[in-house]
Amino acid sequence: MISESTKVQEVLFVIILLALMMVRCISSPHSPQIFPLKSPFQSVITPVTQHLPQPAPGTGVILGMLKVENTNQPMVGIELYLAQHIGATQDTPIYKLDPDSAPHVITGGEGRFVFKDIPPGRYAIVIWTPFNSFLVRNPATGSELVIDVEPDRVYDVGILFERYP
């Protein structure tokens, strides 16, 4: 039979564990300010502040967050590449991806990603896994997310939701 002091210890342990979990869920007040991209198909400038990465002259920056579609959990440690648009027209969805030379990042602890110093051009974000690779979808339309990078600009694609790869 469990003693009364053992029950009290178990309850205290659960309370402490829950308190620690709640503290992890609260975001830091020093987190960078994130501005949403109004339309992923337009070249929209987000204000560049001291908290956002500065592009090298003549290049752009793409940043955002990747989460699991149905659970809203961040996708951590996911490889992302930028595929370059090579279609004959702007509306032709043909992209080139050379993993050895394409811009590449791995999502961080909150699913955040930042592509720095991207040359001007039209790009799509690719989720890369050992078994499958696919273009990230535009949350507004469900089609591939396309970003037209212009020099000296920062683009925030906001929170992107995907099925877990």
Just checking, which of 151, 120, 99, 130 is exposed (fewer than 14 other Cβ atoms within 10 Å of the Cβ) and within 28 Å of residue 51 (Cα to Cα)?
151
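Please enumerate the residues belonging to the stretch 76-119 that are of a type in the set (Lys, Arg) and part of a loop (DSSP other than H, G, I, E, B).
none
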Over the stretch 112-132, the set of residues under 27 Å from residue 70 (Cβ atoms) and out of contact with any Leu (no Cβ under 8 Å at 6 or more places or on another chain) is 129, 130, 131, 132
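Here's the yes/no breakdown for (1) at pLDDT 60 or above; (2) closer than 18 Å to residue 159 by Cα; (3) polar (S, T, N, Q); (4) touching a His at 6+ places or on another chain (Cβ under 8 Å):
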{"residue": "14", "(1), (2), (3), (4)": "no, no, no, no"}
{"residue": "20", "(1), (2), (3), (4)": "no, no, no, no"}
{"residue": "46", "(1), (2), (3), (4)": "no, yes, yes, no"}
{"residue": "66", "(1), (2), (3), (4)": "yes, yes, no, no"}
{"residue": "72", "(1), (2), (3), (4)": "yes, yes, yes, no"}
{"residue": "76", "(1), (2), (3), (4)": "yes, yes, no, no"}
{"residue": "94", "(1), (2), (3), (4)": "yes, no, no, yes"}
{"residue": "101", "(1), (2), (3), (4)": "yes, no, yes, no"}
Residue that is surrounded by fewer than 17 Cβ atoms within 10 Å (Cβ to Cβ), modelled with pLDDT under 90 and within 25 Å of residue 52 (Cβ to Cβ), where the choices are 142, 109:
109
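The values are calculated or read from the model by the stated rules, or taken from the named source; none is laboratory data. Every value quoted in this text rests on a predicted model; they were computed, and no experiment measured them. Positions of Cβ are generated from backbone atoms using ideal geometry, with glycine treated the same way; all protein chains shown enter the neighbour counts.
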